[in-house]
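Only one structure is covered here, and it is reproduced in the block below.
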Amino acid sequence: MTPALLPVHLDDEPAEAYWTQLRHLQRLAGDAVTWLPGQHVRDAVPADAAAVVVPDMNGRAYRMVEEFRRIPVPVLLVTSEFGTVSMWDWEIRDFLRRRGVDTVAPTSLEEFTDVCRALQTKENLASGVMLAYQDDLGAGKQPDIFKRFFWWEDSCVEALTDTFGVTVERRSYRELAARAAAVSPARVAEHVARLGSSVPMVGVSTPARDAALQLYVALSDELDETPGVIAAGINCLNESATSNTTPCLAWNLLFEERGLMWGCEADLTSMITQYLTYESLRVPVMMSNLYPFLMGGAALQHERIPYFPDVADPQDCVLAAHCGFFGVVPQSFATEWTVRPRVLEIVDPNAHALDARFATGATTILKLASTMDTVTLASARLDDYAQYSDSDCLNGAVLRVADGPRFVERLPSHHAVLATGDLTRRFEVVAAVLGLAVERI
């Protein structure tokens, strides 16, 4: 089902301009939305309306503040034939905003398209399922680190459900690992033949490749059995003793084949941030660890590197690295991509990791805050990649932010979502539709 838009008019009988603009909007939106029959702005909004659209504004709006206040869904002002707000409506929009009526006003056709996708994303979340595979939280490797994370708390699950309607289902990682181990050699061989040389691997042994594909098959079977799964994650580092592999290759294949969002270490807040960003904006996304240069020895020691790269204004720079490389990046998002043997000692020797790169240039750093009502956002630039031999960072990204000290002070987590491009404006527009505030850090 596509989201339903309700066109409203301010005149008792809609003017011709209303009908003309409505036809433009229907053409521009295509099959991304369903259109409900239009009605007067004073009338009650039907329960199935995802948003209200005002195709034609006029001065009556100054005398209809109460009518606008009663609208319980986002109000979209799309009053030009180009899928944007008309410049002549800025005064009315400001008048309404200063009296407690927030509106969404696209300034490009791209933003209008983003809004339509965000409405669909919001509806999908309400019926969506997120899977988290875990058993003994904090009892495995590096427990002093992992016991600190909010995504393991019941209150995190409850907040996600209360805010977005999504169902979080916790499943046994041991049972998943056992299911993977039972995948037959014949099924593995089938996927080896299917993938051929499309998945480049360097230094990965045949047993390591086969174990990775067994986990992929087991996850695929679980997804086939569970309708509505939008994201999945495994507590793969803390409980690394559970499996003889890691899920990196599986996450790549499942995204490319099904659009499944993934969460390293079963980080629910990163999963939902990736989902919101990708499904609304359709830009490359991934998650990684952030190591601001300002953190000095604490960051260097964890990555087992002797120093940060020599750059200008190092206080504004951040190293992004996860599991020995940049992080899990789907092939279609990467400029370079290879499966390599594991780097971290805490995972099984048979495990693997992805050595991948995003495009350099404008990048946006995002993360949903623990309150679930705000997304923190920072504009950044991915300047380069840094390599350290005999370390836990064989290939990490060097990011530059506008104000390093402010960034560190306001950062909600060491895990963050990176998205290609300067998405500040675009995300602020869809955030209004998703019911989220944006905090620029």
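The values are calculated or read from the model by the stated rules, or taken from the named source; none is laboratory data. Everything numeric in this text was worked out from a predicted model, so none of it was measured. As a convention, Cβ positions derive from the backbone with ideal geometry for all residues, glycine included, and neighbour counts pool all protein chains shown. Just so you know, the surface numbers come from the protein's heavy atoms only, side chains and all, with ligands and any DNA or RNA stripped out. Shrake-Rupley method; radii C 1.70, N 1.55, O 1.52, S 1.80 Å.
Out of segment 142-162, which residues are of a type outside the set (S, T, N, Q), assigned to a helix (DSSP H, G or I) and open to solvent by less than 60 Å² (accessible area, probe 1.4 Å)?
143, 145, 146, 151, 152, 156, 157, 159, 160
Of 225, 175, 239, 190, which residue is closer than 26 Å to residue 1 by Cα and among the acidic types (Asp, Glu)?
225
Can you say whether residue 364 is touching a Gly at 6+ places or on another chain (Cβ under 7 Å), farther than 30 Å from residue 211 by Cβ and either open to solvent by 40 Å² or more (accessible area, probe 1.4 Å) or touching a residue at least 12 places away in the same chain (Cβ under 8 Å) (or both), as far as the supplied structure shows?
Values: touching a Gly at 6+ places or on another chain (Cβ under 7 Å): yes; farther than 30 Å from residue 211 by Cβ: yes; either open to solvent by 40 Å² or more (accessible area, probe 1.4 Å) or touching a residue at least 12 places away in the same chain (Cβ under 8 Å) (or both): yes.
Taking the combined requirement at face value, the residue satisfies it.
Looking only at segment 421-430, decide whether some residue is basic (Lys, Arg) and not in a strand (DSSP E or B).
Yes; the residues of segment 421-430 include at least one that is basic (Lys, Arg) and not in a strand (DSSP E or B).
What number of residues within segment 194-250 satisfy the criterion of being in a loop (DSSP other than H, G, I, E, B) and either among the hydroxyl-bearing types (Ser, Thr, Tyr) or under 25 Å from residue 123 (Cα atoms) (or both)?
Counting residues in segment 194-250 that are in a loop (DSSP other than H, G, I, E, B) and either among the hydroxyl-bearing types (Ser, Thr, Tyr) or under 25 Å from residue 123 (Cα atoms) (or both) gives 7.
Which of the helices (runs of 4 or more DSSP H) found entirely inside segment 61-138 contain at least 1 residues meeting this: open to solvent by 10 Å² or more (accessible area, probe 1.4 Å) and under 30 Å from residue 237 (Cβ atoms)?
Where helices (runs of 4 or more DSSP H) fall fully within segment 61-138 and carry at least 1 residues being open to solvent by 10 Å² or more (accessible area, probe 1.4 Å) and under 30 Å from residue 237 (Cβ atoms), they are 109-126.
Just one of (1) in contact (Cβ under 8 Å) with a residue 24 or more places away in the chain; (2) surrounded by 14 or more Cβ atoms within 10 Å (Cβ to Cβ); (3) not aromatic (Phe, Trp, Tyr) trips up residue 15, so point out which.
(2)
Check segment 389-398 and report whether any residue there is more than 23 Å from residue 328 (Cα to Cα) and open to solvent by less than 50 Å² (accessible area, probe 1.4 Å).
No; the residues of segment 389-398 include none that is more than 23 Å from residue 328 (Cα to Cα) and open to solvent by less than 50 Å² (accessible area, probe 1.4 Å).
Might you let me know whether segment 277-284 holds any residue that is in contact with a strand residue (DSSP E or B) (Cβ under 8 Å, 6 or more places away or on another chain), open to solvent by 20 Å² or more (accessible area, probe 1.4 Å) and aromatic (Phe, Trp, Tyr)?
There is at least one residue in segment 277-284 that is in contact with a strand residue (DSSP E or B) (Cβ under 8 Å, 6 or more places away or on another chain), open to solvent by 20 Å² or more (accessible area, probe 1.4 Å) and aromatic (Phe, Trp, Tyr).
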